[in-house]
Amino acid sequence: MEIVERKETLVSLTESAAVKIKQLQAQEPEGEAEVLRVAVQGGGCSGFEYALGFDRGPQEGDHELESHGVTIVVDPWSAPYLRGATIDFVETIQEAGFKIDNPNVVASCGCGHSFQVAEGEVPEPGYGCGSGCGSY
């Protein structure tokens, strides 16, 4: 019996997210949006926020992967907080935007702009996410 080790994907995109990202990349100046950078940064009323943006390419130490034809880079600090996350693009009559399904999240802000992980730090009281949500 052969034992096969299955590596969990760091970050993946749904097909709809990849289509939207490629459309947005095409609108950027040549060479300015070669990769999608996905990161976690401190902030918000739950402790962490996601940061999605375009970059010219990977930086030293970045994890580099591909999903549906989109190159994604994740910095080493953010990687543990994003392991297994899926990015989707959702479009409804009321709103459109990227939605991140992250299995590492244990709590999130009532407004949905920030999150907390099991080993995450809790921000100081009164530290809001900037969208009018200042409660826990």
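Applying the selection to the stretch 42-67, what residues are without any contact (Cβ under 8 Å) to a residue 40 or more places away in the chain, in contact with a strand residue (DSSP E or B) (Cβ under 8 Å, 6 or more places away or on another chain), surrounded by fewer than 14 Cβ atoms within 10 Å (Cβ to Cβ) and not charged (D, E, K, R)?
Initially, the stretch 42-67 is screened for residues without any contact (Cβ under 8 Å) to a residue 40 or more places away in the chain, giving 51, 53-62, 64, 66.
Adding the requirement that they be in contact with a strand residue (DSSP E or B) (Cβ under 8 Å, 6 or more places away or on another chain) leaves 51, 53-59, 62, 64, 66.
Imposing the further condition that a residue be surrounded by fewer than 14 Cβ atoms within 10 Å (Cβ to Cβ) reduces the set to 51, 53, 56-57, 59, 64, 66.
Listed by number, the residues that qualify are ALA51, GLY53, GLY57, GLN59.
State the number of residues belonging to the stretch 32-70 that are of a type outside the set (Asp, Glu) and over 23 Å from GLU15 (Cα atoms). Lay out the reasoning, then the answer.
Filtering the stretch 32-70 down to residues of a type outside the set (Asp, Glu) leaves 33, 35-48, 50-54, 56-59, 61, 63, 65, 67-70.
Keeping just the survivors that are over 23 Å from GLU15 (Cα atoms) gives 41-48, 59, 61.
Residues meeting the conditions: 10.
When you scan the stretch 39-58, do you find a residue that is farther than 26 Å from ALA118 by Cα and part of a strand (DSSP E or B), even just one?
Quick first cut of the stretch 39-58, residues farther than 26 Å from ALA118 by Cα only: 54-58.
Now narrow it down to the ones that are part of a strand (DSSP E or B): 54-55.
Checked against the condition, which is being farther than 26 Å from ALA118 by Cα and part of a strand (DSSP E or B), the stretch 39-58 yields at least one hit.
Can you tell me how many residues in the stretch 68-101 are of a type in the set (Gly, Ala, Ser) and either assigned to a strand (DSSP E or B) or open to solvent by 70 Å² or more (accessible area, probe 1.4 Å) (or both)?
Narrowing the stretch 68-101 to residues of a type in the set (Gly, Ala, Ser): 69, 78-79, 84-85, 96-97.
Narrowing further to those that are either assigned to a strand (DSSP E or B) or open to solvent by 70 Å² or more (accessible area, probe 1.4 Å) (or both): 85, 96-97.
The qualifying residues number 3.
The values are calculated or read from the model by the stated rules, or taken from the named source; none is laboratory data. Since the structure is predicted, the reported quantities are computational estimates derived from the model, not experimental observations. All Cβ positions, glycine included, derive from the backbone under ideal geometry; neighbour counts span all protein chains shown. The accessibility values were calculated without ligands, DNA or RNA, using every heavy atom of the protein model including side chains. Shrake-Rupley method; radii C 1.70, N 1.55, O 1.52, S 1.80 Å.
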